[in-house]
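The values are calculated or read from the model by the stated rules, or taken from the named source; none is laboratory data. Just so it is clear, the structure is predicted and the values come from calculations on it, not from any experiment. With ideal geometry, Cβ positions are generated from the backbone for all residues, glycine too; neighbour counts draw on all protein chains shown.
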Amino acid sequence: MPKILKIYTIEDKKEEELLRKVSKEVSKSEILSKEFQIFLDDLLFTAQEVKTQEGYSAAGLASIQVGIDKRVFCILKEDSGEFEIMINPEFKPINDERFIDLEGCLSIPNREGRVSRFKKVKVKYLDRKGKIRKAVFRNQEAREIQHEYDHLEGVLFTDKLSD
């Protein structure tokens, strides 16, 4: 039975220190391990169930936000309403087109800000079975990927606020 994991926040200095770490790659053997699969179930369950203090649902969740410094996150797919896991993701903007929109973060309670992000990105990642996936994401999904990817790099959205 999956469980809800504790969300680390900047309100605790030790937790913020971890949130600022660059996450480590996940090996194929680790991906396929029973322990890691259980962790992925817990990460997905947490993303589905957790709400912000303002009552918003999660649009994505990086493993570093639950205290695990691995290159893993999930994003909410607009078409299906399901979360998709991305392991060791790499992304490239498809062009220079950007848009500024409001963002929030489970790890930064009671704070929102406007952030400039690429409108369209190409992503290469491993799924939970260790298979290579490639896809193009636009608009809100592209924003989510960039926000979660920043977490893997130890960057918070407040580091990128637009005026």
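Side notes on the structure shown:
- Looking across 48, 65, one residue alone is more than 21 Å from residue 154 (Cα to Cα) and among the polar types (S, T, N, Q). It is 48.
- Members of region 118-144 found to be more than 26 Å from residue 18 (Cα to Cα) and assigned to a strand (DSSP E or B), listed by number: 118, 120, 121, 122, 132, 133, 134, 135, 136, 137, 138
- Matching residues in region 150-163 - criterion: being within 16 Å of residue 103 (Cβ to Cβ) and in a loop (DSSP other than H, G, I, E, B): 153, 155, 156, 162, 163
- Only one of the numbered conditions (1) touching a strand residue (DSSP E or B) at 6+ places or on another chain (Cβ under 8 Å); (2) surrounded by 17 or more Cβ atoms within 10 Å (Cβ to Cβ) is violated by residue 68, and that is (1).
- Residues of region 89-129 that are in contact (Cβ under 8 Å) with a residue 60 or more places away in the chain and touching a Ser or Thr at 6+ places or on another chain (Cβ under 9 Å): 100, 106, 107, 108, 109.
- Among (1) surrounded by 15 or more Cβ atoms within 10 Å (Cβ to Cβ); (2) under 30 Å from residue 14 (Cβ atoms); (3) charged (D, E, K, R); (4) in contact (Cβ under 8 Å) with a residue 24 or more places away in the chain - the single one residue 141 does not satisfy: (2)
- Considering region 95-136, the residues that are among the aromatic types (Phe, Trp, Tyr) and farther than 25 Å from residue 68 by Cβ include one that is modelled with the lowest pLDDT, namely 99.
- Evaluating residue 147 against the criteria (1) part of a strand (DSSP E or B); (2) surrounded by 14 or more Cβ atoms within 10 Å (Cβ to Cβ) leaves one unmet condition, (1).
- Top-ranked residue of region 21-58 - restricted to ones that are among the hydrophobic types (A, V, I, L, M, F, W, C) and modelled with pLDDT under 95, ranked as surrounded by the most Cβ atoms within 10 Å (Cβ to Cβ): 58
- Scanning region 5-20 for residues that are over 24 Å from residue 130 (Cα atoms) and surrounded by 13 or more Cβ atoms within 10 Å (Cβ to Cβ) yields a count of 9.
- Of all the residues in region 21-70, those that are over 15 Å from residue 125 (Cβ atoms) and of a type in the set (Gly, Ala, Ser) number 8.
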